[in-house]
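Bear in mind these aren't lab numbers, they're just calculated from the coordinates by the rules spelled out. Because the structure is a prediction, the values reported are computed rather than measured. As a convention, Cβ positions derive from the backbone with ideal geometry for all residues, glycine included, and neighbour counts pool all protein chains shown.
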């Protein structure tokens, strides 16, 4: 498929996806965005803008509940097109972080599932997702120091929130690579599985997330994103408001009735 197949006002950017493809599975309420520029799935400047549009379009697609971002082949992504930075205008470069943050802004759960290299903008895209699944072959890095540069799409900022300033300096200032297992130990990834189990683990997480109320998940994601930098008192206040609104939802009523009836709830997202 191409961007014109997606019902979104920005789908006129181009008809050809640059180095990735989109797979829709409405029966499983799932969409996969697959980085597909072998062998290392390099992400071009154009692809960053197209990826933003793809996430926005899939967010608006009522057939889709969960989005998976993954790489084709042995690697998630070795990073960006280095020559593209030299050709890009300062205005274009200033939009990179906004484009890469599209998974975070998406109201639906987004899973990054990757093996092999996850470097540079590949790592930054992964950090912008809600869940990260790694394997024993995964390697994560922000290697921009080797180019006389720093991460420019939120990588160091998001990483510092997850692992603290000491570990972030170790990764960023030394261009250090960390394994999938170490990333899991540090709390960077949700789970680390064997290379052969990645697809199975991804499928299982998709199905698990689909079983919850869509409106409750949207609310939880937005609340957690909005309160990440809030004082505790403000976060608790906002949590209370969100909780109060959900009490009047059809899904909450269904959840309570299903609990008392000892049956599985059937959520509708309202």
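Numbers for the structure displayed
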| item | result |
| --- | --- |
| FRET efficiency, residue 36 to residue 250 (Cβ-Cβ, R0 35 Å, nearest 0.05) | 0.35 |
| Packing rank of 237-244, 221-228, 39-46, where each peptide gets the mean count of other beta carbons within 10 Å, highest leading | 39-46, 221-228, 237-244 |
| Sites residue 195 and residue 222, calculated FRET efficiency, Cβ-Cβ separation with R0 30 Å, nearest 0.05 | 0.30 |
| Equivalent ellipsoid, the stretch 22-163 (semi-axes from 5 times Cα gyration tensor eigenvalues, Å) | 23, 17, 14 |
| Fully extended contour minus Cα-Cα distance, from residue 204 to residue 95, at 0.36 nm per residue | 35.8 nm |
| Nearest-ten-degree value, helix 198-210 long axis tilted from longest Cα axis of the chain | 40 degrees |
| Cubic angstrom per residue, convex hull over Cα atoms of the stretch 144-202 | 101 Å³ |
| Cα centroid separation - the stretch 192-270 against the stretch 15-56, whole Å | 26 Å |
| Spherically averaged projected area of the stretch 214-261 from its Cα convex hull (nm²) | 3.5 nm² |
| Estimated FRET transfer efficiency when R0 is 41 angstrom, pair residue 230-residue 137 (beta carbons, to 0.05) | 0.65 |
| Inter-label distance, nm, simple model (7 Å from Cα along the C-beta direction), residue 211/residue 165 | 4.2 nm |
| DSSP bridge orientation in the stretch 3-210 - percent antiparallel, rounded to nearest 5 | 30 percent |
| Kirkwood-type radius of the chain, with distances r between different C-alpha atoms, in Å | 19.5 Å |
| Protection-proxy order for peptides 132-142, 19-29, each taking the mean of Cβ atoms within 10 Å per residue, highest first | 132-142, 19-29 |
| Extension gain, residue 146 back to residue 261 (0.36 nm per residue minus Cα-Cα distance, nm) | 35.4 nm |
| The chain, relative contact order in percent, only Cα pairs under 8 angstrom and at least six apart counted | 14 percent |
| Cα-based helix-to-principal-axis angle, 45-60 vs the chain, degrees rounded to 10 | 0 degrees |
| Overall dimensions of the stretch 167-270 by Cα: Rg and Dmax, Å | 18.7, 57 |
